[in-house]
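Worksheet: one structure, shown below.
Values in this text are rule-based calculations from the coordinates and carry no lab data. From a predicted model like this one, the values you see are computed outputs, not experimental measurements. Glycine also receives a Cβ, built like all others from the backbone with ideal geometry; neighbour counts cover every protein chain displayed.
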Amino acid sequence: IYSLARETVVLLLECNPDIGTLLDWVVDRCYTGMPQVADGCFLALATIFSA
């Protein structure tokens, strides 16, 4: 389920580059989320910024 969630976050970030609050939310989850959520958000950000 976490891999599906990570893919969803990647797609949300790719399709909504003008929504700064979405990026803020993902970064916030990297620091405040449960370990699996934080890892998924970090990997989603890494995917977006490495493309």
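Work through the residues other than Gly40 whose Cβ is under 12 Å from its Cβ and net out their charges, Lys, Arg +1 and Asp, Glu -1.
0
Computed log10 I(q)/I(0) for the chain at 0.13, 0.18, 0.27, 0.31 Å⁻¹: -0.24, -0.47, -1.06, -1.30, from the Debye equation with unit scatterers placed on every C-alpha and solvent omitted.
For the chain, the relative contact order works out to 46 percent when only alpha carbon pairs closer than 8 Å and six or more residues apart are counted.
The phi torsions of segment 7-15, fed into the Karplus equation with coefficients 6.51, -1.76 and 1.60 and a -60° offset, translate into couplings of 4, 5, 5, 4, 5, 4, 5, 5, 8 Hz, rounded to whole numbers, with Gly and Pro shown as x.
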